[in-house]
Amino acid sequence: MDNRALIDIGAERLEAAGVETPRLDAELLLAEAAGVTRSEILAGLTELTPSAIGTYEKWLVRREAREPLAYIVGRQGFRHIDLVIDPRVLIPRPETELLVELVAAAAPLSVLDVATGSGAVALALADELETAAITACDVSADAIVVARANAERLGLSRVKFVESDLLDAIDGGFDAIVANLPYVESGDIDGLQREVAEFEPRLALDGGDDGLDLVRELVRQAPDHLAPGGLIALEIGLGQAPATEQILAENGFVKMASHRDLAGIERVVSARLDPGRQPTA
Ligand SMILES: C[S@@+](CC[C@H](N)C(=O)[O-])C[C@H]1O[C@@H](n2cnc3c(N)ncnc32)[C@H](O)[C@@H]1O
């Protein structure tokens with residue numbers, strides 16, 4: 001059977017299983033199984049070994065069960081880096097690249113990435129801000145293991161990782177704090193796409209009743225760890241910008257701005273710590 005026929009059969013099976021992008025996924029799975037790029041597979045010149053076809057078949061079965069493609073192939077591109085990932089961590093999303101873009105543009109000398117997961121934000125920043133001191137934390141010991149392995153593989157071992165419930169175990173101050181916290185309303189999680197609800201860690205999604213429990217607590221803790229005038233940038237969900245700006249205003253932040261992603265959704269709120277704020281005792 002040639003490449004095209006294998007893709008056609010895979011696409012049909014994935015479509016029947018309710019996968020959103022069946023043909024693209026079949027192409028990517030076959031390419032990955034053969035160890036070549038998608039364009040090489042589409043060119044039809046790759047000689048497929050029985051072992052590559054066997055891997056493709058096994059992966060199709062997993063994708064039919066709606067396991068996310070990124071967990072099946074074990075990696076995900078993000079900004080200019082490739083991350084090794086598995087179900088211990090959230091799959092980094094394209095919209096989170098906006099968070100990195102905004103913080104990188106501000107060129108802070110020191111950054112704390114809270115809730116780092118796979119290390120995506122911290123490692124992309126370390127890659128783009130070559131001299132910045134970057135620290136990253138997560139409450140999940142598993143996530144820290146995955147993030148550290150990514151740092152080593154990418155030659156970005158200067159990033160410091162700390163296991164911490166929000167900022168509880170963090171010492172010192174930073175020019176910028178960046179976070180993609182869990183922000184899905186608890187009641188909405190079971191209604192998410194099966195790939196997300198059934199496979200991604202609930203700890204990475206659940207933001208409490210209104211989705212903002214962790215945002216509220218981080219913004220309360222952040223002023224004690226930010227330089228005067230320091231930057232905070234938070235990824236948020238649909239419709240959460242006004243409430244997030246209010247939480248920031250109540251905690252000594254000024255210059256609030258919300259930033260839209262490519263889908264036009266207000267995805268990131270940024271603000272500066274009021275330089276005139278009196279430190280808490
Ligand atoms: C939405 S994921 C973001 C992961 C990564 N920053 C990204 O953008 O791909 C949220 C992360 O928050 C972590 N988390 C959940 N509760 C936390 C807490 N109380 N303190 C620190 N991290 C927490 C989860 O373990 C998960 O890795």
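Brief remarks follow.
- A search for C-beta distances below 6 Å between a residue of region 77-92 that is on the phi > 0 side of the Ramachandran plot and any residue that is open to solvent by 40 Å² or more (accessible area, probe 1.4 Å) and not in a strand (DSSP E or B), counting only pairs 6+ apart in sequence or on different chains, returns Arg79/Glu97.
- Leading residue by the ranking (farthest from Val184 (Cα to Cα)) among those in region 60-73 that are open to solvent by 20 Å² or more (accessible area, probe 1.4 Å) and without any contact (Cβ under 8 Å) to a residue 24 or more places away in the chain: Val61
- Looking only at residues in region 108-151 that are hydroxyl-bearing (Ser, Thr, Tyr) and either free of Cβ contacts under 8 Å to residues at least 12 places away in the same chain or outside any loop (DSSP other than H, G, I, E, B) (or both), the one that is farthest from the ligand (Cβ to nearest atom) is Ser110.
- Ala5 of a type outside the set (Val, Ile, Thr), part of a helix (DSSP H, G or I) and surrounded by 15 or more Cβ atoms within 10 Å (Cβ to Cβ): no
- Screening Leu30, Leu42, Leu24 for residues that are crowded, with 18+ Cβ neighbours inside 10 Å and part of a helix (DSSP H, G or I) leaves exactly one candidate, Leu30.
- In region 73-86, the count of residues that are among the acidic types (Asp, Glu) and out of contact with any Lys or Arg (no Cβ under 6 Å at 6 or more places or on another chain) is one or more.
- Any hit, region 200-207, residues being open to solvent by less than 60 Å² (accessible area, probe 1.4 Å), within 14 Å of the ligand (Cβ to nearest atom), within 21 Å of Val269 (Cβ to Cβ) and small (Gly, Ala, Ser): yes
- Single residue of Leu98, Leu102 found to be assigned to a helix (DSSP H, G or I), open to solvent by 20 Å² or more (accessible area, probe 1.4 Å), within 13 Å of the ligand (Cβ to nearest atom) and of a type outside the set (Phe, Trp, Tyr): Leu98
- Among (1) β-branched (Val, Ile, Thr); (2) more than 14 Å from the ligand (Cβ to nearest atom); (3) open to solvent by 10 Å² or more (accessible area, probe 1.4 Å), the one test that Val196 misses: (2)
- Flag if Pro92 is more than 10 Å from the ligand (Cβ to nearest atom), open to solvent by less than 60 Å² (accessible area, probe 1.4 Å) and not in a helix (DSSP H, G or I): no
- Checked against (1) among the β-branched types (Val, Ile, Thr); (2) open to solvent by less than 50 Å² (accessible area, probe 1.4 Å); (3) within 28 Å of Glu245 (Cα to Cα), Ile144 meets all criteria but (3).
- Candidates Asp171, Asp165 - the one that is closer than 24 Å to Leu226 by Cα and either near the ligand (Cβ under 7 Å from one of its atoms) or open to solvent by less than 20 Å² (accessible area, probe 1.4 Å) (or both): Asp165
The values are calculated or read from the model by the stated rules, or taken from the named source; none is laboratory data. All figures in this text were calculated on a predicted structure; none of them were measured in a lab. Because the Cβ atoms are built from the backbone with ideal geometry, glycine has one as well, and the counts that use them run over all protein chains shown. Keep in mind that these areas ignore ligands, DNA and RNA; they rest on the heavy atoms of the full protein, side chains included. Shrake-Rupley method; radii C 1.70, N 1.55, O 1.52, S 1.80 Å.
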